[in-house]
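This report refers to the structure that appears directly beneath it.
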Amino acid sequence: MLETCKSCGTVFEVDESVLTKNIQWLKCGVCNEKWVLSSNLDKNLLQKNSEVKEKSEKVKQELASIKSVVEGKTKILAKKSNPVLDQKNKSVAEIASELSLSKLKETNKNNPKKHTNVEDKKKTKKINIFPIFVLFLVMIFSSGVFFRSAVISYGYLYFPNYSQTYAKKINNLFRKIDLPILSEIKYLNLDNFIATFEKQEVRFTGVIKNNSKRPILTPRIKILGIREDRKIIFEKILILDEKIILPNSKISLSKLAKLKINNNEENVSVKVTLLKKFFD
């Protein structure tokens, strides 16, 4: 009889007369690997196959006996006039499935699930939503601080009375943290401006134009009277009646009242500057 090592592939000639029932393993003289005798393997496989066949036959016999018992009981019950029991003979698979379902129901009854209260769910939802709500409020507040000038300009556009009342108070509050309300003069142009000084009066002509697509707070106007020797002889800050300049529109400076100056000097030049700060 020939036996081959499973590890190194060396073939050995084994005398069958030497083999007994107690010898189950062979050892390779080359790599010292052990393996099961091929004859024992065949015997084990045959034994396992025979055992499987016996078990399957027993199961078939048991199922047949169960089916016969069930059929006998259904015939007895069918004699009574009960529409619920007027059913066809069920197969063994259907009976087995019904039995498994009944066992599952019993296990579910023995191990009931814990019911969570509706109030607890609502509390957890509130706890989860609360930080999102706080974050939303912080974002609104921070955006309002950053775009404070734009917010005030839209306030004068849609709520002029409220804005007139509370704008200065809001400015005083922001000034404490060095964030005053500003007019965005980068979107404004001063066109065709002329200031004439004669007979102790300063007269103005020209327009302030808004080039943006949103309302801009009207800036205050600083006027300086400068003599030839660069000495400032007067300084005034003018506030226009219009609080905002509408998008793509302009306001005229000719509406300003004539500025009276108590000075009779001649050769005085007038310098005009648009101030960023909306309030003093």
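The values are calculated or read from the model by the stated rules, or taken from the named source; none is laboratory data. Bear in mind the structure is a predicted one, so any value in this text is a computation, not a measurement. Note: ideal-geometry Cβ built from the backbone for every residue, glycine included; neighbour counts use all protein chains shown.
Observations
- Of the residues in the range 39-61, at least one is in a helix (DSSP H, G or I), at pLDDT below 70, surrounded by 10 or more Cβ atoms within 10 Å (Cβ to Cβ) and of a type in the set (Lys, Arg).
- Any chance Val151 is touching a Gly at 6+ places or on another chain (Cβ under 8 Å), modelled with pLDDT under 90 and not charged (D, E, K, R): no
- Conditions (1) assigned to a helix (DSSP H, G or I); (2) within 23 Å of Leu259 (Cβ to Cβ); (3) of a type outside the set (Gly, Ala, Ser); number of the one not met by Asn161: (2)
- Members of the range 250-271 that are of a type in the set (A, V, I, L, M, F, W, C), modelled with pLDDT under 85 and closer than 30 Å to Ala167 by Cα: Leu253, Leu256, Ala257, Leu259
- Look at the range 256-280: where a residue is aliphatic (A, V, I, L, M) and a partner is at pLDDT below 75 and not in a strand (DSSP E or B), sitting 6+ places away or on another chain with Cβ atoms under 8 Å, you get Ile261/Gln200.
- Verdict on Leu173 being of a type outside the set (Asp, Glu), under 21 Å from Lys277 (Cβ atoms) and not assigned by TED's automatic domain parsing to the domain that holds Asn267: yes
- Test: residue in the range 180-193 that is more than 36 Å from the chain's Cα centre (by Cα) and among the hydroxyl-bearing types (Ser, Thr, Tyr): yes
- Looking only at the range 143-182, and only at residues there that are of a type in the set (Gly, Ala, Ser) and in contact with a Lys or Arg (Cβ under 9 Å, 6 or more places away or on another chain), the one that is surrounded by the most Cβ atoms within 10 Å (Cβ to Cβ): Ser153
- Verdict on Ile208 being surrounded by 15 or more Cβ atoms within 10 Å (Cβ to Cβ) and in the same structural domain as Lys236 (by TED's automatic domain parsing): yes
- Only one of the numbered conditions (1) surrounded by 15 or more Cβ atoms within 10 Å (Cβ to Cβ); (2) more than 28 Å from Phe234 (Cα to Cα); (3) assigned by TED's automatic domain parsing to the domain that holds Val270 is violated by Ala195, and that is (2).
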